[in-house]
Amino acid sequence: MSEAEIPAADADRRPLFARVAQFGRAVMGVVLDTTLPPLCASCRAPLGIPGGLCPACWSRISFIAPPYCERLGIPFAYDPGPGLLSMEAIADPPAYGRARAAVRYEEVARDLVHRLKYGDRLDLVATMGGWMARAGRELIAEADAVLPVPLHWRRLWGRRFNQAAALAKVVAATRALPVLTGALARVRATPQQVGLSRSERAVNVQGAFAVTPDGKAAISGKRLILVDDVLTSGATVDACSRALLRAGARGVDVLVFARVVAAARPPI
Ligand SMILES: [Zn+2]
């Protein structure tokens, strides 16, 4: 008697292996349904390859490329020649050395970040991390280790994974660098930065991060790359960098997937 012929009332009397096999096929069916066909990472249009963007979304994503501020990575409207800094980098120098971002934080990028953060789209990690590795190749070439901006454990609990840690792993893998996930801890839960001004953001994250005892040994004398998904005012990565440098790191650079760029601006 085949499985389909078993009356519903007798279904429980089937051998255990038959029920396990059926469960397995059901699970496989779900997996196949969600992975085939590959969809555009942003708008979900069908695509030829997984983890990519459709031509329409591709044309709307802005990759950040030189010329930009050597320090903050903010794009310039024209090329002022090598080594020139933005007004922001001079007026308010950050604790970190250099910051680089793969893309501008605009519609498609916002969509990707949102899907990664709240949609559990782990398949996006390889694509987004790959773009970051390209944007930060100079930083990666000089780094000893990579670490993510940590989430507070309560937020990690609610979201199940730290998207910055997932991106950090992809970035580190391009040069087989260690990922120091536990080196930095968020010791104080901070309210979401959304809607706060630049100075409010700085106050909000003050003293929120600390290097763990194990982390201190791991980062001592090392050049680090701090990874996050989005850079807005830079207050969070600045607070992390201060904690890392105070604890003995030799240098900290910042690599993010997307950064907020007010407008293309001339260098000073
Ligand atoms: Zn699309």
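The values are calculated or read from the model by the stated rules, or taken from the named source; none is laboratory data. Source: prediction; values computed, not measured. Note that we place each Cβ from the backbone using ideal geometry, even for glycine, and neighbour counts take in every protein chain shown. With ligands, DNA and RNA removed, areas are computed over all heavy atoms of the protein, side chains included. Shrake-Rupley method; radii C 1.70, N 1.55, O 1.52, S 1.80 Å.
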**Study point:** Enumeration of residues in the range 211-225 that are free of Cβ contacts under 8 Å to residues at least 60 places away in the same chain and crowded, with 17+ Cβ neighbours inside 10 Å
**Key:** VAL211, THR212, GLY215
Exercise for review: Give the residues of the range 67-92 that are open to solvent by 60 Å² or more (accessible area, probe 1.4 Å) and not in a helix (DSSP H, G or I), sorted by residue number.
Suggested key: GLU70, ARG71, ALA77, TYR78, ASP79, PRO82, LEU84, ASP92
Practice item. Having 3 or more residues that are at pLDDT 90 or above is the bar; report the helices (runs of 4 or more DSSP H) wholly within the range 197-268 that clear it. Key: 213-219, 235-246
Practice item. Any residue in the range 80-104 that's over 27 Å from ALA247 (Cβ atoms): show its pairings with residues that are assigned to a helix (DSSP H, G or I) at Cβ separation under 8 Å, as long as the two are six or more apart or on different chains. Key: ALA102/MET128; ALA102/TRP131; ALA102/MET132; ALA102/ARG134; ALA102/ALA135; VAL103/ALA109; VAL103/TRP131
